[in-house]
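Coordinate-derived values only; no laboratory data. In this text the structure is predicted, and so the values were computed from the model without any measurement. For neighbour counting, all protein chains shown are included, and Cβ atoms are generated from backbone atoms with ideal geometry for every residue, glycine included.
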Amino acid sequence: MSKTILLIATSNLGKTKEITQVLKDLPLKIKNLKEFPNIESPKEKGKTFFENAFLKAKYYAEKTGLICLADDSGLEVDILNKAPGIYSSRFAGEKATDEENNKKLLELLKGVPLEERKARFICVMVVYHPKGKYIKTEGIWEGLIGFEPKGNYGFGYDPLFLVPEYNYQKTAAELSVEEKNKISHRGKALNLLKKILPDFLKLTQNA
């Protein structure tokens with residue numbers, strides 16, 4: 001069976017690895033944006049995770065002619081009125097690093113006790129076909145924000161995110177890709193996607 005090319009709308013190798021791990025049993029050849037360095041990024045003007053994921057998936061599918069998977073994900077912290085939310089990747093500034101974003105979050109939570117540091121990761125995924133059809137899934141991962149970064153895996157806010165599945169004794173950055181994919185927001189959205197993607201691909205091939 002010939003493999004369908006699926007473009008993941010990211011240059012982030014950590015994210016690419018997580019997605020590839022879950023979808024590895026499907027007849028897909030996965031590429032990411034590192035193979036398309038000349039395509040400029042679209043402006044993320046959406047007001048929700050879905051709007052941004054849809055915008056990116058549609059944009060890159062139309063630019064490349066490939067089926068495109070885009071996700072928009074972020075962290076909501078209850079005591080900060082759900083910030084950083086859709087601005088998670090640029091919380092400390094437009095070109096902020098993960099470390100700068102984490103530092104800003106810790107500064108804003110200074111003096112807040114653990115039980116009041118409730119947070120959740122949200123991930124919305126959209127797969128868009130150049131013919132105009134799309135599917136979407138969503139995953140949510142509840143947790144707490146720790147007091148200092150821990151762990152060498154993952155990316156983004158993972159080093160601060162204490163996970164309930166390990167009794168808040170481990171951060172997301174202390175989990176392997178396999179462990180994380182079973183319980184994370186992206187893992188949940190991906191595992192849902194894995195179930196509906198084959199039918200979507202069949203449908204679009206025949207359209």
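Tabulated results
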{"quantity": "Cleavage-rule hits, trypsin sites (Lys or Arg not before Pro), the stretch 67-120, DSSP coil, Cβ neighbours within 10 Å at most 15", "calculated": "Lys82, Lys95, Lys110"}
{"quantity": "Magnitude of the charge dipole, the chain, Cβ model with Lys/Arg +1 and Asp/Glu -1, debye to 20", "calculated": "820 debye"}
{"quantity": "Full-extension gain in nm, Asp78 to Ser11, via 0.36 nm per residue minus C-alpha separation", "calculated": "21.2 nm"}
{"quantity": "Total formal charge among the other residues, if their Cβ is under 10 angstrom from that of Ile79, Lys/Arg +1 and Asp/Glu -1", "calculated": "+1"}
{"quantity": "Residue among Glu51, Glu94, Glu76 with the largest mean-square fluctuation in a Gaussian network model of the chain, springs linking Cα atoms under 10 Å", "calculated": "Glu94"}
{"quantity": "Dipole axis of the chain (+1 Lys, Arg; -1 Asp, Glu on Cβ), positive-most option in Asn32, Leu114, Ile67", "calculated": "Ile67"}
{"quantity": "Charge dipole (the stretch 4-206, unit charges on Cβ, about Cα centre) - positive-most of Leu144, Gln205, Val22", "calculated": "Gln205"}
{"quantity": "Amide H partners (placed H, <5 Å) of Leu6, local residues excluded", "calculated": "Lys29, Ile30, Lys31"}
{"quantity": "Part-to-part distance (alpha-carbon centres) for the stretch 46-68 and the stretch 169-207, which is given in Å", "calculated": "18 Å"}
{"quantity": "Descending semi-axes in Å of the stretch 4-206, equivalent ellipsoid built from Cα gyration tensor", "calculated": "30, 18, 14"}
{"quantity": "Alpha-carbon spread of the stretch 92-173, three principal axes, descending order, Å", "calculated": "51, 31, 24"}
